[in-house]
Amino acid sequence: MTRVVTCAKLKREAEGLERPTYPGALGKRIFEQVSKEAWQQWLRHQTMLINEHRLSPLDPKTRTFIEEQMEAFFFGDGGELPQQFRPPVA
């Protein structure tokens, strides 16, 4: 049976995640309040942040930055875009 959550990012009911995708209190909050669709949006956004900022996921400072951005993306102002980022032209 599909879990339904009121998604904090999409501001509507949507299919929830099948399992927690991140550890700790933030992961619990994401599991309870973020939809699959919003999680997929985050994965694309996270990839863009890592690529544009040339970050190493192994660096503790990067993990802290990513967690801050994750919190902002789902529950805040949407997070930041790198200054030099230009969306692809369709």
One checks the Cα atoms of region 2-90 and finds Rg and Dmax, in Å, of 13.5, 40
Show that you can apply the helix-only estimate: for the chain, add -39,500 (n - 2.57) for every DSSP H stretch of four or more residues, divide by all residues, and state [θ] at 222 nm to the nearest 500. -16000 deg cm²/dmol
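About the Cα centre of the chain, how large is the charge dipole given +1 on each Lys and Arg Cβ and -1 on each Asp and Glu Cβ? Please answer in debye to the nearest 20. Mind dumping the intermediate values first?
Details: 13 positive and 12 negative charges, 27 e Å.
For this selection, approximately 120 debye.
So for each of 23-30, 39-46 I average, over its residues, the number of other beta carbons within 10 Å; can you give me the resulting order with the highest mean first? The partial results should precede the final answer.
Working: 23-30: 13.2, 39-46: 14.8.
Those peptides, ordered most packed to least, come out 39-46, 23-30.
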Kindly list the residues of region 15-51 that lie in the label zone of residue 80, defined by a backbone N under 18 Å from the point 7 Å along the Cα-to-C-beta vector. 45-51
Using θ = phi - 60° and the Karplus form 6.51 cos²θ - 1.76 cosθ + 1.60, what ³J(HN,Hα) does each residue of region 64-78 get, whole Hz, x for Gly and Pro? 5, 4, 5, 4, 4, 5, 4, 4, 5, 4, 8, 10, x, 8, x
Sequence-distant residues sharing a close amide H with residue 7 (under 5 Å, placed H): 12, 13, 14
Which order do peptides 51-59, 65-73, 10-18 fall in by mean Cβ count within 10 Å, highest first? 65-73, 10-18, 51-59
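In whole Å, what three semi-axes, largest first, describe the equivalent ellipsoid of region 1-54 built from its Cα gyration tensor (square root of 5 times each eigenvalue)? Don't skip to the end; give the middle numbers.
Numbers: eigenvalues 93, 32, 16 Å².
Working from the Cα gyration tensor, I get semi-axes of 22, 13, 9 Å.
The numbers here are math on the coordinates, done by the rules we state, and not lab data. Please read all numbers here as calculations on a predicted model, not as lab measurements. Positions of Cβ are backbone-derived with ideal geometry, glycine not excepted, and every protein chain shown enters the neighbour counts.
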